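The values are calculated or read from the model by the stated rules, or taken from the named source; none is laboratory data. Computed from a predicted model, the values in this text were never measured in an experiment. Cβ sites come from the backbone with ideal geometry, for glycine too, and all protein chains shown count toward neighbours.
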Amino acid sequence: MTVADGAWIREHFFGTDPRLRALVEHLSDEELRGLRRGGHDYRKVYAAYHAAVRHTGAPTAILAQTVKGWALGPSVEARNVTHQAKKMTFEELKIFRDRLQLPIPDETLAEDPPYFHPGPSSPEMRYMLERRSALGGSVPKRVVRARPLELPADTAFAEFAKGSGSAAASTTMAFTRLLRNLLRDKNVGKRVVPIIPDEARTFGMDPLFKEVGIYSPLGQRYEPVDAETLLPYREAKDGQVLEEGITEAGSMASFTAAGTSYATHGEPMLPFYVFYSMFGFQRTGDQIWAFGDTRGRGFMLGATAGRTTLNGEGLQHEDGHSQLLATAVPNIRAYDPAFAFETALIVKDGIRRMLAEGDDVFYYITLYNENYPQPAMPDGAEDGVLRGIYLFKPGEDGRSRRVTLLGSGAIMQQVLKAQKLLQERYDISVDAWSVTSYQLLRNEALAVERWNRLHPDDSPRKPYVAHLLGGTLPIIAASDYLKAVPDQISRWVGQPFVPLGTDGFGRSDTREALRRHFEIDPESIATAALHGLALCEQYAPTDVAKAIADLGIDPEKPEPRTA
């Protein structure tokens, strides 16, 4: 009807009933065509709301029929091309002006279509300003009332620098212990908000049930199936854990509420949202982006992380891309720590930045469920851990050739095994570096490049990662994520640079088989290192081929990404 003429409307809409036809007998065809539908008739809209707000006893819905592209002219209004229209002709602008009854003369319209303002004392402006004032002021408006906050005591973090000795533990277990320490801390304990979708026991967080309880506004109203166990479910009105059930979307809503509380309620909170890493950025990426846009602060913990580390669950659970997806959010700091002390340092730094200094950042930290002895923190590692890279274990001296290995997360264990293999069997000195954040290294390098570009008369600066890894040594970077994650730093470091990662779908198998499949096991890392030396003419290609056979590598195996 919007694109039809008045005669068609009179016949096919009003002509269906004599009583309807009588309603428009006094209107010409042109006037009939100009009638507004209900959703565009101000009086009808007002009447609908007038009736709706006065109705009681039941919910009320208003159905307002509208036309897409209304008032944009006959070539756009109600046409299928409406959403493709980018510009309006002069004639369409005139139709738009006339339909909205705007007092803009043709000559002004032709030159540069202006914004129309009815004037500060007009009834429209007075009404809108009065309503805005009644609602508390302009939107968006952020009022942050900063107040000094005490940081958690160093004792909450101290134990992780010592390592676990010969006892094996995962970074997830270490984080859970750190979270319990923070909940007990007198300075920040009451501000900590643990948020868990699915099942907290997956992450070893069931001790929190007894210590701080699961929040429920109604308290405990059932007897849990584990009531007779040492650590049963315990819901309480003053509970602190948000056990959200299987809803990442609902958990992100809670994370957003807690993460923006410093502005909306004047109460800085410290949310820790712990989830299967596969189900964070992949399922709720829009909400994560919105969290950054609203300047939320908090920690997202992608637990049971890695394409090969959460073995046996195949495509559904095995995450090899969240670290890459995280890099798209401008104010996120994404870390992939290998060790407990790295995790503790990162959390401590995040609390300082967000809670004490008020930085508009938030953190994504991947955690793993693979148990291995947690080492003590090397001397002087703190700065490198936070900036993204540090030398964890230097190579042995007295060898004729040298390579550099980079590792992250649980794959750091594969890198250390490859280091030992190369040194003992092939007489190659190997420096093993732990890379906690390729994203931060890339961001810093790009910032240095920009500074150099805008200050051509000054001495050029050198990116942090180039200062550490620049040169001619082969660099092999192994990750449980896509090759694109380590490849973020490739153009600032020594060559050849060989990224090894887990491009492809997840699979159900043992960790050892999965790592061989994706070519990030010690033998595959060693092969890449030997080939890198061959590219530098420091190792014979025939010797590389012999090593491939000795290490049990099948050179004809299909590429993992497509297999």
Of all residues in segment 8-27 being loosely packed, with under 12 Cβ neighbours inside 10 Å and modelled with pLDDT of 90 or more, which is nearest to residue 72 (Cα to Cα)?
12
Only unsatisfied item for residue 380, checking (1) over 18 Å from the mean Cα position of the chain (by Cα); (2) on the phi < 0 side of the Ramachandran plot, is (2)
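Can you confirm whether segment 162-170 contains a residue that is part of a helix (DSSP H, G or I) and either of a type in the set (S, T, N, Q) or under 25 Å from the mean Cα position of the chain (by Cα) (or both)?
No - not one qualifying residue is present in segment 162-170.
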Odd one out for residue 331, checked against (1) modelled with pLDDT of 95 or more; (2) buried (at least 20 other Cβ atoms within 10 Å of the Cβ); (3) closer than 20 Å to residue 439 by Cβ; (4) not hydrophobic (A, V, I, L, M, F, W, C):
(2)
Being of a type in the set (Lys, Arg), under 19 Å from residue 377 (Cβ atoms) and surrounded by fewer than 17 Cβ atoms within 10 Å (Cβ to Cβ) is the requirement here; does residue 162 meet it?
yes
Out of all the residues in segment 68-75, is one or more among the hydroxyl-bearing types (Ser, Thr, Tyr) and loosely packed, with under 15 Cβ neighbours inside 10 Å?
no
Before we move on, is residue 562 assigned to a helix (DSSP H, G or I), surrounded by fewer than 17 Cβ atoms within 10 Å (Cβ to Cβ) and not hydrophobic (A, V, I, L, M, F, W, C)?
no
Residue that is nearest to residue 511 (Cα to Cα), among those in segment 465-481 that are of a type in the set (A, V, I, L, M) and in contact with a strand residue (DSSP E or B) (Cβ under 9 Å, 6 or more places away or on another chain)
478
Residue, surrounded by the fewest Cβ atoms within 10 Å (Cβ to Cβ), within segment 509-544, restricted to residues that are out of contact with any Lys or Arg (no Cβ under 9 Å at 6 or more places or on another chain) and of a type in the set (S, T, N, Q):
542
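I want to confirm something. Restricting to segment 132-161 and keeping residues that are among the small types (Gly, Ala, Ser) and in a helix (DSSP H, G or I), which single residue is nearest to residue 356 (Cα to Cα)?
Within segment 132-161, the match that is nearest to residue 356 (Cα to Cα) is 156.
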Subset of segment 68-81, residues of a type in the set (A, V, I, L, M, F, W, C) and either within 37 Å of the chain's Cα centre (by Cα) or not in a loop (DSSP other than H, G, I, E, B) (or both), comes to 81
Conditions first: (1) in contact with a His (Cβ under 9 Å, 6 or more places away or on another chain); (2) of a type in the set (A, V, I, L, M, F, W, C); (3) part of a helix (DSSP H, G or I). Residue 1 passes all but one, so which condition is the exception?
(3)
Under the condition of being in contact with a helix residue (DSSP H, G or I) (Cβ under 8 Å, 6 or more places away or on another chain) and basic (Lys, Arg), which residue from segment 71-109 is nearest to residue 119 (Cα to Cα)?
97
Considering each of 326, 290 in turn, give the residue that is surrounded by fewer than 24 Cβ atoms within 10 Å (Cβ to Cβ) and under 14 Å from the mean Cα position of the chain (by Cα).
290
